[in-house]
1. Where the centre of each part is set by its Cα atoms, how far does region 14-40 sit from region 42-73, in angstrom?
2. Looking at this model, which pairs from LYS46/LYS81; LYS23/LYS46; LYS70/LYS94; LYS69/LYS93; LYS28/LYS94; LYS28/LYS69 are more than 25 angstrom apart at the alpha-carbon?
3. When the accessible area of region 1-71 is computed with all protein chains present and a 1.4 Å probe, what percentage of it is carbon and sulfur?
4. State, as an integer percentage, the relative contact order of the chain based on alpha-carbon contacts under 8 Å between residues 6 or more apart.
5. Mind jotting down a quarter of the surface of the convex hull over the alpha carbons of the chain, in square nanometres, one decimal?
6. Please report, ordered by residue number, every helix of the chain (full DSSP H runs) that is 27 Å or longer along its axis going by C-alpha atoms and whose mean Kyte-Doolittle hydropathy reaches 0.0.
7. Order the peptides 36-42, 79-85 from the highest to the lowest mean number of other Cβ atoms within 10 Å of their residues.
8. Would you list, by chain and number, the aspartates and glutamates whose Cα falls below 16 Å from the Cα of LYS74, excluding same-chain residues fewer than 8 positions away?
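The values are calculated or read from the model by the stated rules, or taken from the named source; none is laboratory data. These numbers come from a predicted model, not from an experiment. Cβ: placed from backbone, ideal geometry, glycine included. Neighbour counts: every protein chain shown. The area values use the complete protein model at the heavy-atom level, side chains included, leaving out ligands, DNA and RNA. Shrake-Rupley method; radii C 1.70, N 1.55, O 1.52, S 1.80 Å.
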Amino acid sequence: MGKLPPQLKPLTPFIKRADELKKVGNHKALTMSFFCRSYAVQLGIKHNDNSPEVSEVLLGLMDQLEAEKKVLPKYDNDKAKEFCEGFALEVFKKADDVD
């Protein structure tokens, strides 16, 4: 993803994390990448000023989500939340073990 318009700066950490996780490439990381990117789109919609730059970024993110959705399992809201919490706990445990 290129440089974001100023209105979409709040999306930066979520898009960066999604890109990092996608590079890992395993099932859990790809799924978490999808959820990060999905949250970035939700947040971006709130910051949408209908400018061409913002619309282009949001449409690009949505295109990525559609492509990723085809290869990932479907989660309802409760299962998605459970998955994200489990992933976060795993990451925290790994960091805690290092300390």
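1. Each part's Cα centre sits 14 Å from the other's.
2. Where the Cα-Cα span goes over 25 Å, the pairs concerned are LYS23/LYS46; LYS70/LYS94; LYS69/LYS93.
3. On region 1-71, the fraction of accessible area on carbon and sulfur atoms equals 59 percent.
4. 26
5. Average of the hull's projected areas for the chain equals 7.1 nm².
6. 27-46
7. 36-42, 79-85
8. Reachable aspartates and glutamates: GLU66, GLU82.
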